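Asks: Starting off with a structure, shown below.
The values are calculated or read from the model by the stated rules, or taken from the named source; none is laboratory data. Treat the numbers as computed from the prediction; the structure is a model and nothing was measured. Here the Cβ positions follow ideal geometry from the backbone for every residue, glycine too, while neighbour counts run over all protein chains shown. The accessibility values were calculated without ligands, DNA or RNA, using every heavy atom of the protein model including side chains. Shrake-Rupley method; radii C 1.70, N 1.55, O 1.52, S 1.80 Å.
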Amino acid sequence: MDMNTIEAVVPTTDPAQWRDGDAWLAGGTVLFSYGSTVLKRLLDLGQAEWPAITVTDQGIELAATCTVAELYALPQTVESASREWPGLALIRPCCDSFVASFKIWNMSTVGGNICTGLPAGPMTSLCAGLDGKATILSPDGTSRDVPVADVVTGDMQTVLAPGELLRSIHLPASALSARVAFRRLSLSNLGRSGVLLIGRLDPDGGLVITVTASTKRPVQLRFPAGQVPDAGILADAVGDSIPWPLYHDDIHGLPAWRRDMTFKLAEEIRAELLGESMTVSGDFWPPHNTSPQPSTQPAVPSTQQKEARNGN
């Protein structure tokens, strides 16, 4: 965690202040874990005071500094509870996919997870799966919007140029209004995601499947209304869209296993959204409730809690 080359910590949200040897600091959970021997300054976003979450009829705006804990609480807030947005059901399984302690949840940020560019980054999975748009600020004072699915370009690689700052992510109401499905697999019960797929059946009848964790960057398969695939067509589309070199290879899963599980989970999602079956592999998605993660556990009625405390 020591970075003994740091000469200054500068509170700022202005990309114009960036210079060689700087790094943006949000939650710092990855920055301090990996360390550095070359950084000179940290540009601290801790005093940004950006509203973490803004809910409107157009969708949800997530500040890059929104923490995992703040995002996890969103589905039960008054602002979101009144919305007919099935896509909200993806939030907690994706937060659970960090498989992290409350200490990490209260520090790690949505933007930081995306900008790190890890294939298994669950905030990339969530925001890409819901067609999120990232607003990126540049040192020259301009800004640009980039689909989150295009922000991560490889293992720990992104489209961000030196000094650029991810400001926010917009999740559109159109995607939040879709029926959704989620699948995640890991080689161990509480391990890093080896495969994570999100599916959407949009209000217009189109099907979108977003592949992450098994691939070095997000891959989206889109089927317009009237062209929703059967099992064979979907398998062909997965094979055509993801060449062998794109599958990730690390201690959390060999490419061959990731490829096989991508085909398997994609078909499960297709069948679930089309009402053909209900097979659930992996963790964190109802009705599969064997995971120790909080989003899969049913609430215990207060009477049962009292009985438990009384030893009944």
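Asks: For residues that are among the aromatic types (Phe, Trp, Tyr) and within 20 Å of residue 152 (Cβ to Cβ), scanning just region 239-263, find the one that is nearest to the chain's Cα centre (by Cα).
Replies: So, considering only residues that are among the aromatic types (Phe, Trp, Tyr) and within 20 Å of residue 152 (Cβ to Cβ), the one nearest to the chain's Cα centre (by Cα) is 247.
Asks: Out of 153, 124, which single residue is out of contact with any Asp or Glu (no Cβ under 9 Å at 6 or more places or on another chain), buried (at least 18 other Cβ atoms within 10 Å of the Cβ) and hydroxyl-bearing (Ser, Thr, Tyr)?
Replies: 124
Asks: I've got another one for you. If residue 10 satisfies all but one of (1) assigned to a strand (DSSP E or B); (2) touching a residue at least 40 places away in the same chain (Cβ under 8 Å); (3) surrounded by fewer than 18 Cβ atoms within 10 Å (Cβ to Cβ); (4) not small (Gly, Ala, Ser), what's the number of the condition it fails?
Replies: All conditions are met except number (2).
Asks: Can you report the number of residues in region 13-36 which are farther than 17 Å from residue 49 by Cα, open to solvent by less than 50 Å² (accessible area, probe 1.4 Å) and part of a loop (DSSP other than H, G, I, E, B)?
Replies: Residues in region 13-36 being farther than 17 Å from residue 49 by Cα, open to solvent by less than 50 Å² (accessible area, probe 1.4 Å) and part of a loop (DSSP other than H, G, I, E, B): 5 in total.
Asks: Of all residues in region 172-224 being among the charged types (D, E, K, R) and touching a helix residue (DSSP H, G or I) at 6+ places or on another chain (Cβ under 9 Å), which is farthest from residue 149 (Cα to Cα)?
Replies: Among those residues, the one meeting the criterion is 204.
Asks: Here is a further query. In region 157-171, which residues are within 23 Å of residue 252 (Cα to Cα) and surrounded by 15 or more Cβ atoms within 10 Å (Cβ to Cβ)?
Replies: 158
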